[in-house]
Amino acid sequence: MSVIKLFHRVLEYYHEIMFLTTNQIAEFDVAIPSRIHLAIKYESLQMAQIEAIFDSFLKDLDERNLIEDYADIEDWLDDSVYKERLDGRQIRDMITTALGLALTESRSGGGQKLNKRHLKRAFGNINDFKRNFNTQMQRYTDDQEKTIHVPSSPIFLDSLAASD
């Protein structure tokens, strides 16, 4: 039995609540949408929401005296980061990574609080990953298109006929 048939059968007789999250709606089997009772789509964050998420994380750290030069960080976020439209998870991960860098430096005698340099490094990692991921996805897409594309030249068609 195929995995898809098994999944359909489980969905058909499942009487509990199931949360299925995806950003690959185009990949759904045609039988899946008829079994979905409530679909919720999350829109991309608005700029004010992005700023509020950063503020909630950073203000908490600032109140605990873990940030060096909060105003400098705010200026840098305004100039460089907000326009990148990070989602909430990316924002949390960026701040967590930057805080980890600061804590590691402080343990090794650096006495560092979280500063713009830590955030820039974490932000750079996010951008590097995004760029590498997009490059790999483009290569994959290009390879798939090459695999699916069948040349229609007479020479190619003649060679297919000759191989029969």
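The values are calculated or read from the model by the stated rules, or taken from the named source; none is laboratory data. Only a predicted model underlies this, so the values are computations on that prediction, with no experimental measurement involved. Quick reminder, even Gly has a Cβ in these numbers, built from the backbone with ideal geometry, and neighbours come from all protein chains shown.
Numerical summary
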quantity	calculated
Close pairs from the range 119-148: first in the same structural domain as I95 (by TED's automatic domain parsing), partner surrounded by 10 or more Cβ atoms within 10 Å (Cβ to Cβ) and outside any helix (DSSP H, G or I), Cβ under 8 Å, at least 6 apart	I126/L86
Conditions (1) surrounded by 10 or more Cβ atoms within 10 Å (Cβ to Cβ); (2) within 20 Å of H118 (Cα to Cα): number failed by R89	(1)
Residues satisfying the stated conditions in the range 21-55, i.e. surrounded by 10 or more Cβ atoms within 10 Å (Cβ to Cβ) and part of a loop (DSSP other than H, G, I, E, B)	F28, D29, A31, I32, I36, L45, Q46
Residues that are modelled with pLDDT under 95 and assigned to a helix (DSSP H, G or I), drawn from the range 102-116	A102, L103, T104, E105, S106, R107, S108, G109, G110
Scope the range 37-68; condition aliphatic (A, V, I, L, M) and more than 24 Å from the chain's Cα centre (by Cα); matching residues	L61, L66, I67
Whichever residue in the range 94-143 is among the aliphatic types (A, V, I, L, M) and either over 23 Å from the mean Cα position of the chain (by Cα) or surrounded by fewer than 17 Cβ atoms within 10 Å (Cβ to Cβ) (or both) and, among such residues, is nearest to A71 (Cα to Cα)	L114
Residue match in the range 48-70 (condition: among the basic types (K, R) and in the same structural domain as T96 (by TED's automatic domain parsing))	yes
Members of the range 63-75 found to be surrounded by fewer than 18 Cβ atoms within 10 Å (Cβ to Cβ) and assigned to a helix (DSSP H, G or I), listed by number	E63, Y70, A71, D72, E74, D75
Residue pairs meeting the criteria (Cβ under 8 Å; at least 6 apart or on separate chains; first of a type in the set (S, T, N, Q), in the range 9-37; second in a loop (DSSP other than H, G, I, E, B))	T22/F28
